[in-house]
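What follows is a short report on a single structure.
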Amino acid sequence: MTQLDETQLDETQPNETQLNHQPAGENLVEQLDETVAAIRQRVGDRKPRVGLVLGSGLGPFADHFDDRVAIDYGEIPHFPVSGIVGHAGRLVFGRAGGVDCVAMQGRVHYYEGHDLPTVTFPTRTLVRLGADILIITNAAGGISDQLEVGSLMLISDHLNLVGANPLRGFNDERLGPRFPDMTEAYAPELRELARRAAEPLAIELAEGVYVGLAGPTYETPAEITMLRRLGGDAVGMSTVPEVIVANHMGARVLGISCITNMAAGTGPELSHDDVTETAKLVESTFVSLLTGILQNLAK
Ligand code: HPA
C-alpha cells in the first residue's frame, strides 16, 4: 500500500499499536490470576508471607532458602524478562529465617523499554500470591555525605522522578484505590524492625530518601547537585514504581539500598561492573541482615 487512508492520518485517534502500549489496567486482574494459577501449578498452595525483590548483585540471598523451588521468568505467563547482566530472572520460593518467602532474583527496568505496568507486574504478582510485606532492595549511588561505598540505607521515603507513574490509566478498584495514600510508603514499623535486627549483628544502617530516575545514563554532576538540593540521599533506576504498586495493593514495604558507588561528581567515574562488584562485597552482610529481619518477623 503506497497511500495512507484517512484513519491512519487522524492523529487524535490512537491506533491499535499505540493502545497496546497503554497501561494494562483493564485486564490486569485477569492477567494476575492467570500468572498466579500457573505459578501454583509449580509450587502448590504455598502462601508466602514476605515477598523480596533482590536488586543488582543481591540475588544470591534466595540461593540460601530452605525447601527452595525456582521458576525462570521465561516460564511464567505475562512476566517480562530482563537482559541485564547480574539480574538472573528467577522467582524463588522457600523459607528463610523461619518465614515463607517468595523472591524475585532480578527485575526488569523502565530503561529497558517496558512500560511501567509491565515493569511492576512481577511485584503485583508477589502481593497477589499472598505476600503482604515486601522487602524491596536495590543498588544505588550515594548522594548524602553520610553514605559511603558499601553502606546499607533504609529507605525512609522516595522522590518519584521517573517521569511516569505505573498507576496512570484505568484503575481497577479490585486491586486498589484510584488515589493511594503515600504518607507511609515505607512502613516505619518495618524500618524499626530492621534496625532491631541490625543492632546485634553490628551492621550499621543509614536511613534516607531514595530518588528514582528513568536511566539508563548515570547522572551528571549537575543533576546530583540538583537531587541533593531536592532532599535526595541516594539515587537509582528501580524501586519507586514497585513501591507505588505495592502501596496501591495495600502491602507494607521495607526498602533497602546498597550504596554501590558514590553518585556522579562525588567520586570516580561510574561503571555497571563497579556496581555489581560492590554489591558482591556487601553480599554476606546483606544476607545476615535480611535473615535477621525475617527472624524478627517470625517472632
Ligand atoms: N545512579 C543511578 N543508578 C545507580 C547508581 C547511580 O549512581 N548506582 C547504582 N545504580
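Can we say V287 is touching a residue at least 24 places away in the same chain (Cβ under 8 Å) and out of contact with any Phe, Trp or Tyr (no Cβ under 6 Å at 6 or more places or on another chain)? No; evaluated as a whole, the condition is false for this residue.
Per-residue answers, yes or no, for (1) without any contact (Cβ under 8 Å) to a residue 40 or more places away in the chain; (2) under 26 Å from V119 (Cα atoms):
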{"residue": "F179", "(1), (2)": "yes, yes"}
{"residue": "Y186", "(1), (2)": "no, yes"}
{"residue": "L190", "(1), (2)": "no, yes"}
{"residue": "L193", "(1), (2)": "no, no"}
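Could you please find all residues in the stretch 217-233 being touching a residue at least 60 places away in the same chain (Cβ under 8 Å) and either aromatic (F, W, Y) or near the ligand (Cβ under 9 Å from one of its atoms) (or both)? Residues satisfying the conditions are Y218, E219, I224.
Take the stretch 263-273 and flag every residue that is of a type in the set (D, E) and away from the ligand (no atom under 11 Å from the Cβ). The answer is D273, and nothing else.
Could you please find all residues in the stretch 242-282 being under 30 Å from N171 (Cβ atoms) and either among the hydroxyl-bearing types (S, T, Y) or part of a loop (DSSP other than H, G, I, E, B) (or both)? Across the stretch 242-282, the qualifying residues are M249, G250, A251, S257. Entry remark, the stretch 171-219: residues being within 20 Å of the chain's Cα centre (by Cα), of a type in the set (V, I, T) and within 20 Å of L154 (Cβ to Cβ) number 3 in total. Scan the stretch 226-244 and give yes if some residue there is at pLDDT below 95 and within 18 Å of G141 (Cβ to Cβ), otherwise no. No: the stretch 226-244 contains no residue that is at pLDDT below 95 and within 18 Å of G141 (Cβ to Cβ).
Taking A62, is it surrounded by fewer than 11 Cβ atoms within 10 Å (Cβ to Cβ), modelled with pLDDT of 90 or more and either touching a strand residue (DSSP E or B) at 6+ places or on another chain (Cβ under 9 Å) or not hydroxyl-bearing (S, T, Y) (or both)? So A62 fails the test.
Scan the stretch 136-156 for residues that are surrounded by 18 or more Cβ atoms within 10 Å (Cβ to Cβ) and outside any loop (DSSP other than H, G, I, E, B) and the total you get is 11.
For the residues T260, T276, T239, T291, the requirement of being touching a helix residue (DSSP H, G or I) at 6+ places or on another chain (Cβ under 9 Å) and within 13 Å of the ligand (Cβ to nearest atom) singles out T260.
The values are calculated or read from the model by the stated rules, or taken from the named source; none is laboratory data. Since the structure is predicted, the reported quantities are computational estimates derived from the model, not experimental observations. Backbone-built Cβ (ideal geometry, glycine too); neighbour counts: all protein chains shown.
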